[in-house]
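Structure, as structure tokens:
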Amino acid sequence: MSNIVECRSLGFNYGKGNSKTSVLKNLNFQIKSNEKIAIIGQSGCGKSTLLNLLAGLDIPSEGEVLVDNTNISTLPEHKRTELRARNLGFVYQFHHLLKDFSSIYNTALPLLISGVDTNQAMTKAQEILKKVGLENRTNHKPSELSGGERQRVAIARAMITEPACLMADEPTGNLDATNAREVLDLIIELNKNRDTALLIVTHDLSIANKMERKFDLTNGFLVEK
Ligand SMILES: Nc1ncnc2c1ncn2[C@@H]1O[C@H](COP(=O)(O)OP(=O)(O)OP(=O)(O)O)[C@@H](O)[C@H]1O
Ligand SMILES: [Mg+2]
């Protein structure tokens, strides 16, 4: 199976000189198509930093990140954006939806940005909102949705481009237990049906236990459990 994402000797430091903080040290791992992976670690251990590096939003201090076998850090900004958009979908702890736009627009946005025809993008957004159980909420703005519903729109937006790998940063961190379970089950189900890989970073063991492979991120080092 091919690697969708690969880290080679990846290291990352914030700051320089005396204020240098080494957050990630010599990380080596691959995500292959279809894999379900959890990275577990306490607050401040570098989970979000790692996802930013995998997305090409930060540049490694050492080593490299390959997305679809291409070193994402050496690409110019527009190529990096393109590689990210073609291969990866993101769900964050806070939904990051655009507040003035309806669910359907928020969902369709990645397609509209990549130049897909408006009607086609809207039809696809409608379909995927139905899959996440929000067919009756397509015209609601984020402020008119519950926390769990907002997170479901965020999942729909991340999945609409059919990414090879979905990356989620504490996707249920702001939800109550019932909603958290529903949102997680939804991510796993969409994933199974679409054959995409899944990377969830979390401090929650009950989430991690639903994944096939588990890694601990402690003191900057990543160790498979
Ligand atoms: N811009 C920055 N400058 C300096 N240090 C930073 C910066 N951003 C994050 N850090 C530090 O890097 C470490 C890792 O932060 P990160 O946000 O990746 O942690 P996390 O594992 O995602 O935590 P949480 O579970 O709380 O979201 C933390 O100790 C944080 O204080
Ligand atoms: Mg974080």
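May I ask you to list the residues in segment 138-149 that are under 11 Å from N106 (Cβ atoms) and either touching a Leu at 6+ places or on another chain (Cβ under 6 Å) or modelled with pLDDT under 90 (or both)? Correct list: T138, P142. Just the residues that are free of Cβ contacts under 8 Å to residues at least 60 places away in the same chain, β-branched (V, I, T) and surrounded by 15 or more Cβ atoms within 10 Å (Cβ to Cβ), please, taken from segment 33-61. Scanning segment 33-61 gives a single hit, T49.
When segment 170-211 is filtered for residues that are away from ligand 1 (no atom under 16 Å from the Cβ), within 20 Å of A85 (Cβ to Cβ) and either modelled with pLDDT of 85 or more or part of a strand (DSSP E or B) (or both), the ones remaining, listed by number, are I187, T196, A197, L198.
Filtered by the rule that a residue be buried (at least 16 other Cβ atoms within 10 Å of the Cβ) and either within 16 Å of ligand 1 (Cβ to nearest atom) or within 12 Å of the chain's Cα centre (by Cα) (or both), segment 62-94 gives V65, R84, N87, L88, G89, F90, V91, Y92, Q93. Restricting segment 95-146 to residues that are of a type in the set (K, R) and in a loop (DSSP other than H, G, I, E, B), the residue that is nearest to E182 (Cα to Cα) is R137. Restricting attention to segment 31-90, the residues that are of a type outside the set (G, A, S) and more than 16 Å from ligand 2 (Cβ to nearest atom) add up to 32. When L175, L134 are checked against the criterion of being among the aliphatic types (A, V, I, L, M), in contact with a Gly (Cβ under 8 Å, 6 or more places away or on another chain) and more than 25 Å from M1 (Cα to Cα), L175 stands alone in meeting it. Residue under question is L198, and the condition is that it be more than 22 Å from F12 (Cβ to Cβ) and either aliphatic (A, V, I, L, M) or within 18 Å of the chain's Cα centre (by Cα) (or both); does it hold? Against the criterion (more than 22 Å from F12 (Cβ to Cβ) and either aliphatic (A, V, I, L, M) or within 18 Å of the chain's Cα centre (by Cα) (or both)), L198 qualifies.
A single member of M159, M167 is within 16 Å of ligand 1 (Cβ to nearest atom), crowded, with 18+ Cβ neighbours inside 10 Å and within 29 Å of L66 (Cα to Cα), and it is M167.
The values are calculated or read from the model by the stated rules, or taken from the named source; none is laboratory data. Predicted model, so just to flag it, every value in this text is computed and none were measured. Positions of Cβ are generated from backbone atoms using ideal geometry, with glycine treated the same way; all protein chains shown enter the neighbour counts.
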